[in-house]
Every structure is written in structure tokens, then in C-alpha cells.
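Working notes for the structure below.
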Ligand code: 6PG
């Protein structure tokens, strides 16, 4: 694992740096495999990045967009991660509809929808049974509780190792989420983290020892590249060598 930690002066600088990394990984993927597969994070931090990507002149037909997690709500719900990314980016560019691979959330059965998306990934990546997809880039955030994607502390989803997509649980609310092994199979993972409220979680995530079930982002240990982009308020207390 190649771990890169950068502390940027503020959110805007972090977004600019994140855009550079996204475009770099996109160019490499398209030149090597003629396509770029990216899984998006939800929440608020990445929204300006999605807006910045939308303003770039890109080969949209070669770009495939997925989500690392989704709230179990209809696509037009204000809480939907899909809706946020469509309004910030995807509705503004000529990306083919078939290149947008949203997590299904309308079967009124989270386990069935998780299984359906798992099958969709298996088909898209042409995977033998039991294999895990390797996304070119997975974007992640963390909560103040050190969750990432929809892998919340002390939930069953943290233990799932035999599939790519499972049901997450936030305070009893179902989520659809990539599993730890799927995330760790990515060629590149980039965390985007802003705000002083994330300091305590980051301290535990970066600590030499702490409980992974309590601080789930510790479970993200990819074989590929791992980028942490932090703004100064989030990263200022991180003392040890990265
Ligand atoms: C979600 C996200 C979640 C998010 C963190 C950080 O569905 O909410 O995928 O994992 O990345 O909660 O959210 P902020 O960027 O809003 O702090």
C-alpha cells in the first residue's frame, strides 16, 4: 500500500488537489484500459469536486460512475447520494445514461437491492464468481464516528468479506454499501476530509493501534494507492509521520 497524506490550507484547495488526482487517474486508466471506473462518496465534502469535474472537457463515453454507498431512499429524495451527484455533475454533462451505475434502492428490500447491485458489478467487470472488482478510483469520506461509505461502527457490514455489496445500518436506517474487501481491491482510494470535527476520528484512524470495529475507516488498507486529502482544520493535529 502506498499511503499519501496531504494537508491543504482549506476546502477549496483540497478540491483543486482532488481534481488533479481524479484527472490523473482518469488519464492513466483510459490510456491503459480505454475506460475509467470511479465510485463516488456521498455527504457534503465531495460536492464541489463533482461540480469541478462537470466543468472539464472529458471523454464522457469512457467514464463509468458508481457509488460506494447509498441511503436507502428513492433517487429523487433529498438524502440521495445519487441525486446530489446528478445535480452537481452528471445532469450537466453528455455522459451516456448507461455509464451511470446507481445503487438500486426501490425494491423495499435492502438485501435484495444489495444482491442486485453485486450482480450488476459482477456483470460489468466480467468477474468470475467470488472475485472482486478493481475500481480505478474510489472516493471516500469519514463521519465524526470514523465510519466510511456506509460502514458504521459495530455493524454487521464491517464483517462481510464474501461479496462486494451489502446492507449497511446507520442508527437502524438501512444503507447499501460497498464491502471492505471491495473497497480494498481498488487501484486507488482517495479520502476527502474537511473540518475540525473530524480530528478525533482521524487521530484514532491514524493511531498505531485502535479498535477497527469502533473506527471502521481503519479497515481501509488497500493493496493499491491510498490518498488522504485533509484540510488544515481536519489535519492540523495529526502529529506522527504519515
Ligand atoms: C454518506 C457518505 C458518508 C460520508 C461521510 C462524510 O452517504 O453520507 O458516503 O460516508 O462520506 O458521512 O460526510 P461529509 O462529507 O458530509 O462530512
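Structure above, values below:
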{"item": "Share antiparallel - DSSP beta bridges, the chain, percent rounded to 5", "result": "30 percent"}
{"item": "Cα-based shape type of the stretch 101-193, given that a ≥ b ≥ c are square roots of the gyration tensor eigenvalues and the cut on a/c is 1.5", "result": "oblate"}
{"item": "Among 142, 189, 53: highest mean-square fluctuation, GNM of the chain, C-alpha pairs under 10 Å", "result": "53"}
{"item": "C-alpha center-to-center spacing [the stretch 81-104, the stretch 140-184] in angstrom", "result": "22 Å"}
{"item": "Whole-Å distance, taken between Cα centres, linking the stretch 194-225 and the stretch 1-58", "result": "21 Å"}
{"item": "Helix-only [θ]222 nm of the chain, DSSP H runs n ≥ 4, -39500 (n - 2.57) each, per residue, nearest 500", "result": "-8500 deg cm²/dmol"}
{"item": "Residues 194, 45 arranged by fewest to most Cβ contacts within 10 Å", "result": "194, 45"}
{"item": "Per-q log10 I(q)/I(0), the chain, q = 0.13 Å⁻¹ (Debye; single scatterer per alpha-carbon; no solvent)", "result": "-0.75"}
{"item": "Mean Cα-pair separation over length for the stretch 2-235, i.e. relative contact order, pairs under 8 Å, 6 or more apart, %", "result": "25 percent"}
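Laboratory data are not the source of any read-out in this text; all were calculated from the coordinates shown. Since the structure is predicted, the reported quantities are computational estimates derived from the model, not experimental observations. Methodologically, a virtual Cβ is constructed for each residue, glycine included, from the backbone with ideal geometry; neighbour enumeration extends over all protein chains shown.
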